[in-house]
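J.: One structure, as structure tokens, below. Some questions next.
The values are calculated or read from the model by the stated rules, or taken from the named source; none is laboratory data. Keep in mind that what you see is a predicted model, and the values were worked out from it rather than measured. Cβ atoms come from the backbone with ideal geometry, glycine included; neighbour counts cover every protein chain shown. For accessibility, only protein heavy atoms count, side chains too; no ligands or nucleic acids. Shrake-Rupley method; radii C 1.70, N 1.55, O 1.52, S 1.80 Å.
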Amino acid sequence: MALKKVKGNFFERMFDKNLTDLVRGIRNNKDNEAKYISTCIEEIKQELRQDNISVKCNAVAKLTYIQMLGYDISWAGFNIIEVMSSSRFTCKRIGYLAASQCFHPDSELLMLTTNMIRKDLNSQNQYDAGVALSGLSCFISPDLSRDLANDIMTLMSSTKPYLRMKAVLMMYKVFLRYPEALRPAFPKLKEKLEDPDPGVQSAAVNVICELARKNPKNYLPLAPIFFKLMTTSTNNWMLIKIIKLFGALTPLEPRLGKKLIEPLTNLIHSTSAMSLLYECINTVIAVLISISSGMPNHSASIQLCVQKLRILIEDSDQNLKYLGLLAMSKILKTHPKSVQAHKDLILACLDDKDESIRLRALDLLYGMVSKKNLMEIVKRLLGHMERAEGSAYRDELLYKVIEICAQSSYLYVTNFEWYLTVLVELIQLEAGSRHGRLIAEQLLDVAIRVPVVRQFAVNEMTNLLDTFTVSAQSNSMYEVLYAAAWIVGEFSGELEDAEKTLNILLRPRQLPGHIQGVYVQNVIKLFARLATTCLELQDLAGLIRLCDHVLDKLQHFNGSSDIEVQERANSACMLIEMLRTQLATSENAMDTTTTESGIPPLAIEIVQEMTLLFAGELIPVAPKAQRKVPLPDGLDLDEWINAPPPEDVASSSSSDHDKDELFVSSSQGGSGLGDGGGGGNGSGAKRRQSLELTPEQLERQRTARLMEQSNNPHYLKSTPSATSTSANADQYDNIDDIPITELPLDMEGVAALRVGITKRSDKYLQEQQAASSGKDGKKKHKKGKKSKKAKNKVAYNSSSESEGEPKPLHIVNTTLDMPEGVSLSDSEDKDGKYDPNDPHRALDIELDITDFEPQASKSTSKKSSSGKENLKVPADSAASSSTSKKDRKKDKDREGKREHKESKRERKSTAAAAAAVASQPVIDLIDADTPTPSPSHIAAPTTSNENNNTANVLPDGGKHHKKKKNKDKSREAIIDVTAQEEDNEPAAAGQAGQAGEPAASKSHKKKHKKDKSQRKEKKASASATASVSEYEQPLGISTPSKEIF
Amino acid sequence: MIKAILVFNNHGKPRLSKFYQYFDESLQQQIIKETFQLVSKRDDNVCNFLEGGSLIGGSDYKLIYRHYATLYFVFCVDSSESELGILDLIQVFVETLDKCFENVCELDLIFHADAVHHILSELVMGGMVLQTNMNDIMARIEEQNKLVKQEAGISAAPARAVSAVKSMNIPQQIKDIKLPDLPQAIKDFKF
């Protein structure tokens, strides 16, 4: 029975699917792939239960393939570790591959692997260690880093370059997970920069580049070594890395930049490798940015860069074109003039068929615009937007249009009517854009800051409100309605037909709550404005009609599901009802009352109060104003206002109840002001009450606001007689030559254009062109005169240039609302930049790198001994209990959050605290941090480290040595057998009853070849079926761009 | 740093996926899908760089890819890598594959995904470029293959025999038998 079982097992296992079978099976079951794979997974689970390691190995190999198809295989983690621990290289490799694909730093199973990986790292076979390093690099966890750091460091000085190279790269991963390893490992890493093997050298450069990219200042002292490498090495790959590193270092040390310019320009001239050339240009640009002042002759370098970039951009290779544009955008920031010389080229790239290139050209456009060409460029962009199909690209275009127009507070916009028209056109393009909010902000900004354009704006916005339909799609464009409603309400004084606008706003529509709320609010503004006109005209009947009309329409919103809308609508209704009651009394007593107009004085007062509510100019609030408001004394923002509720459930349910009462009953009106959610009875009395209350509140609000306004020195007070146009007149007083032109608003022309084919915004372009051509004519005339007189041509040119620029039609108001005593130029707090999750923050460790400037050596024996103890930390902690691990973690977290400068002092205290708790020798980090590093101090950790390692390694190494001897023997035996076996193979295959194919792998190969040759023949006879032969196309590696390696 | 290396065919079927930062399986598939959609709609004569998708990367990351016959080789890298350098690295990778598989085609990648992984691990380790010299890479791969062969020894013989049996694809072989084309005259024959 048992024999039978074993036998059965054996044969079953013989016919297990291997990876090839699995792949073939999946390909044969295209229709029900998921089902097939699930049966395969069942089989794999069976196989994993076997004791035979090669069966398991086969199963894990299959799992790795299945993982690629998107199946979770973490359930097999334990089996994967089993396979990893096999002594056979074949199995080990498969195990580590599977682990690298499915393990991650948080996998709990990794705890089991520490000793196994250590064994592999110390293996005599360099490929065992190599495979372990490759796998480990993908899933190394903080615990593993801490425990294996020493082993990996030992490998850094292995005799085999292959292992040195891998260990050096591995150290970077260790640093990321376990920053404490950086300090002791760094001297060794530095050594590797001068390793005899170019691969190791390159790996070390690679690691330091990665480290320096995030914390460049710690690596400045290495610059001389890198400089030497740069001037001597011929390995382009490494050169690129070094040059990139210099690009990151130069901003910190301008002297370095000056030194670099010459060798870099030499490289630019001499190299034939485009990749190297490109990186050189990039770094030269970085250098030039960092020393933008002080060097007289650097314009030559800029010219060289720009010239070379032009060559790249003009190249037919799209990749070079792309990179050229990318680098140009870096120059643009500091040397816009030299880029502007190539405007033609960049504008041409806007029409490129390649989207990536168009996007890069768009980036550059920012610096290309001037007052003269803005309209034309925007016209082109709008044209692109109409044609563009991808919504992402359209969005990008939209964003760019706004960006180039709005840059440096609309520096280049001369005509804001044009700009508003452009914005409206952007809205109407219906791009499904997510920039609705942005456009809304722009509309508001322009309307607020450019007073002259308001009349145009309100009319445009009325049209927009009238015609814009909120589509069901989830785009954000409806946000513009928010801005539009606000503009027509706030600047209702500019409206020609306020009643029409009012009706548009009162139309019941499906709108998001926050927008509908703004609608209601601005209905009141419009109402106040219309009521004032009625007062002026002494039109009682008109006022009553207006009240009734608005009241009627507002009822729709009283029952809105949005609280904001409901509240606003209710308070609006109350206000107007108040007015209405006053009017009603006078209506009843029409014949008897005394006032000649028939409007009761109380009603007049109410209307006046209402207009006062909205009087006063609003100016934009400065971006940082809120932050600048000082915290009042005695206010603790973290304190609870009310004690936190003891029971969540009860309180939430009760508050729900309250809410219901408050807002459902409010549709009857008035409860918002009532004394807190009583019954619905006696609403009349309540109304009475509110009638008395409201004017009082209004009065109070008004006086408070007036007080505030008079106390605020930044508030622009408007004289009572001032109209909105002249409100800012005092600003212009000192600048006589700024023309406050009358609006050249030709309504007929606009209407005609609206019907016509051309866009409305084009009109302004045509106007401008016409104007400039007129000017050109003048200029030519002038030139004729002047050229005789003018001898200084340069001066003349500059003046003509400025003349050529169209003069701004509208002025942008730049006043911003700010708290007292605060200036805008205050720099941003840098805290915002920090990402608490960035592993590189923890790596911001000052390294004791010996500077090229010699330092006084003050080392003492005490320091070096402390260095030793410091190095023991990883080893000790490996054996430590889990509680101390936790402590360490906390400690690390705390360290990560700390400011770098404070770190020294704080580390002392936390380390001391940790020592007190865990009684571990973590303490000695303090001494390692001693402010004056010295060469001997650095040497100490290295040697002690080596001692440590050798101590660790020796016993293991001894064992391995013995084992190896045994292995060697057995291997020899195996080799003999294989030699025999190979002879037997055909026979064995024959015994199995099959003809022909000698060995599995070979047979497969042959079949492919056959297929290939067949495919060729088929092609010749032009009858190839696409589906099969598609996979068999040779990859055709023809592009010989291999210049680096 | 390289964040991910993806190889997929013209239909978006993954042939190799290597992520140097952990994503769970479903996210990996989404990334592959998204990347495929980004890359596949591009013409062959446009540039080989594009901004990374929403899932992988962000502004600092780029997709750098090459398209060979039926396969896309996509590298997702951050700004510390040289764009042109990575393009050359892809070329080295493909040329190495070509040497290892003798005139490589998609089928090789399909059936030997593990071998491709092993080759890749000699080029890139943990997201950092390990070796760019093709001769060195080939030497390492050959030595490891030798090691595998040594280990296989006897124990592999029966397995090899079995797999030889299994790879006997008889119907296919019958199909593969080439019959001479009938003379054109017979086809044209009119009754």
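Condition check ((1) in contact (Cβ under 8 Å) with a residue 12 or more places away in the chain; (2) within 29 Å of A:Asp552 (Cβ to Cβ)) across all residues:
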{"residue": "A:Gln442", "(1), (2)": "yes, no"}
{"residue": "A:Val452", "(1), (2)": "yes, no"}
{"residue": "A:Phe456", "(1), (2)": "yes, no"}
{"residue": "A:Thr469", "(1), (2)": "no, yes"}
{"residue": "A:Met477", "(1), (2)": "yes, no"}
{"residue": "A:Leu481", "(1), (2)": "yes, yes"}
{"residue": "A:Ala484", "(1), (2)": "yes, yes"}
{"residue": "A:Gly493", "(1), (2)": "yes, yes"}
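J.: Could I ask something else about it? So, B:Asp44, is that one more than 8 Å from every other protein chain (Cβ to nearest Cβ), of a type in the set (Asp, Glu) and either farther than 27 Å from A:Leu245 by Cα or open to solvent by 10 Å² or more (accessible area, probe 1.4 Å) (or both) or not?
T.: yes
J.: Also: Of (1) open to solvent by less than 20 Å² (accessible area, probe 1.4 Å); (2) outside any helix (DSSP H, G or I), A:Ser561 satisfies all except one. Which?
T.: With respect to (1) open to solvent by less than 20 Å² (accessible area, probe 1.4 Å); (2) outside any helix (DSSP H, G or I), A:Ser561 is out only on (1).
J.: Looking at A:Leu264 and the list (1) touching a helix residue (DSSP H, G or I) at 6+ places or on another chain (Cβ under 6 Å); (2) in a loop (DSSP other than H, G, I, E, B); (3) without any contact (Cβ under 8 Å) to a residue 24 or more places away in the chain, which single condition is not satisfied?
T.: Of everything listed in (1) touching a helix residue (DSSP H, G or I) at 6+ places or on another chain (Cβ under 6 Å); (2) in a loop (DSSP other than H, G, I, E, B); (3) without any contact (Cβ under 8 Å) to a residue 24 or more places away in the chain, A:Leu264 misses just condition (2).
J.: Name the one entry in B:Ile2, B:Ile31 that is among the β-branched types (Val, Ile, Thr), open to solvent by less than 40 Å² (accessible area, probe 1.4 Å) and free of Cβ contacts under 8 Å to residues at least 60 places away in the same chain.
T.: One residue alone meets the criteria, B:Ile31.
J.: Output the qualifying pairs, or none if there are none: Cβ atoms under 8 angstrom, residues six or more apart or on different chains, first residue in the range A:64-75 and at the interface with chain B (Cβ under 7 Å from one of its Cβ atoms), second residue charged (D, E, K, R) and part of a loop (DSSP other than H, G, I, E, B).
T.: A:Asp72/B:Asp24
J.: Examine the range A:286-306 for a residue that is open to solvent by less than 30 Å² (accessible area, probe 1.4 Å) and within 14 Å of chain B (Cβ to nearest Cβ), and state whether such a residue exists.
T.: yes
J.: Condition test on B:Leu16, is it at the interface with another protein chain (Cβ under 10 Å from one of its Cβ atoms), open to solvent by 20 Å² or more (accessible area, probe 1.4 Å) and among the hydrophobic types (A, V, I, L, M, F, W, C)?
T.: no
J.: Has the range A:511-534 got any residue that is touching a Ser or Thr at 6+ places or on another chain (Cβ under 6 Å) and assigned to a loop (DSSP other than H, G, I, E, B)?
T.: No, the range A:511-534 contains no residue that is touching a Ser or Thr at 6+ places or on another chain (Cβ under 6 Å) and assigned to a loop (DSSP other than H, G, I, E, B).
J.: Please specify each residue of the range A:105-125 satisfying the condition of being buried (at least 19 other Cβ atoms within 10 Å of the Cβ) and not hydrophobic (A, V, I, L, M, F, W, C).
T.: Hits for the range A:105-125 are A:Thr113, A:Arg118, A:Asp120, A:Asn122, A:Ser123.
J.: Taking the stated definitions as given, is A:Ser275 out of contact with any strand residue (DSSP E or B) (no Cβ under 9 Å at 6 or more places or on another chain), polar (S, T, N, Q) and buried (at least 22 other Cβ atoms within 10 Å of the Cβ)?
T.: The answer is yes for A:Ser275.
J.: So the check is Cβ under 8 Å with 6+ separation or different chains; which pairs have a first residue in the range A:162-176 that's more than 10 Å from chain B (Cβ to nearest Cβ) and a second one that's outside any helix (DSSP H, G or I) and among the hydroxyl-bearing types (Ser, Thr, Tyr)?
T.: Every condition considered, the pairs that remain are A:Arg164/A:Ser157; A:Arg164/A:Ser158; A:Ala167/A:Ser158.
J.: From the list A:Thr469, A:Thr501, A:Thr533, which one is within 40 Å of the chain's Cα centre (by Cα) and of a type outside the set (A, V, I, L, M)?
T.: Unique residue meeting the criteria: A:Thr469.
J.: Here are some conditions: (1) more than 7 Å from chain A (Cβ to nearest Cβ); (2) surrounded by fewer than 22 Cβ atoms within 10 Å (Cβ to Cβ). B:Phe93 meets all but one. Which one does it not meet?
T.: Every listed condition holds for B:Phe93 apart from (2).
J.: Which count do you get for residues in the range A:245-258 that are within 14 Å of another protein chain (Cβ to nearest Cβ) and among the small types (Gly, Ala, Ser)?
T.: Adding up the residues that qualify gives 2.
J.: A further question on this structure: Only one of A:Thr64, A:Thr39, A:Thr20 is open to solvent by less than 40 Å² (accessible area, probe 1.4 Å) and either modelled with pLDDT of 90 or more or on the phi > 0 side of the Ramachandran plot (or both); which?
T.: It is A:Thr64.
J.: What are the residue pairs meeting all of these: first residue in the range A:233-244, first residue facing chain B (nearest Cβ under 9 Å) and assigned to a loop (DSSP other than H, G, I, E, B), second residue open to solvent by 10 Å² or more (accessible area, probe 1.4 Å) and of a type outside the set (Phe, Trp, Tyr), Cβ atoms under 9 Å, and 6 or more apart or on different chains?
T.: Matching pairs, first to second residue: A:Asn235/A:Pro198; A:Asn235/A:Gln201; A:Asn235/A:Ser202; A:Asn235/A:Ile1044; A:Asn235/B:Thr132.
J.: So which helices (runs of 4 or more DSSP H) are wholly in the range A:273-340 and hold at least 2 residues that are closer than 18 Å to B:Cys47 by Cβ?
T.: A:274-290, A:298-314, A:318-334
J.: With open to solvent by 10 Å² or more (accessible area, probe 1.4 Å), at pLDDT 90 or above, more than 16 Å from B:Ala4 (Cα to Cα) and facing chain A (nearest Cβ under 7 Å) as the only criterion, which of B:Asp98, B:Asp88 stands out?
T.: B:Asp98
J.: Then there's this: Considering the range A:142-151 alone, what residues qualify as being aliphatic (A, V, I, L, M) and buried (at least 24 other Cβ atoms within 10 Å of the Cβ)?
T.: Across the range A:142-151, the qualifying residues are A:Leu148, A:Ala149.
J.: Can we say B:Val39 is of a type in the set (A, V, I, L, M), outside any strand (DSSP E or B), more than 8 Å from chain A (Cβ to nearest Cβ) and without any contact (Cβ under 8 Å) to a residue 60 or more places away in the chain?
T.: Considered against the rule, which asks whether it is of a type in the set (A, V, I, L, M), outside any strand (DSSP E or B), more than 8 Å from chain A (Cβ to nearest Cβ) and without any contact (Cβ under 8 Å) to a residue 60 or more places away in the chain, B:Val39 comes out as yes.
J.: A follow-up question, please. Quick check on the range A:311-368: of everything there that is of a type in the set (D, E, K, R) and buried (at least 23 other Cβ atoms within 10 Å of the Cβ), which residue is modelled with the lowest pLDDT?
T.: Only one residue tops the list, namely A:Arg360.
J.: Within the range A:126-141, take every residue that is more than 8 Å from chain B (Cβ to nearest Cβ) and polar (S, T, N, Q) and give me the one that is surrounded by the fewest Cβ atoms within 10 Å (Cβ to Cβ).
T.: Taking the candidates together, the pick is A:Gln126.
J.: Further question on the same structure: Can you tell me which residue among B:Phe36, B:Phe49, B:Phe8, B:Phe73 is modelled with pLDDT of 90 or more, among the hydrophobic types (A, V, I, L, M, F, W, C) and either more than 28 Å from A:Phe103 (Cβ to Cβ) or open to solvent by 20 Å² or more (accessible area, probe 1.4 Å) (or both)?
T.: B:Phe36
J.: Going by the conditions given, is A:Leu245 of a type in the set (A, V, I, L, M) and over 28 Å from the mean Cα position of the chain (by Cα)?
T.: Criteria not met by A:Leu245.
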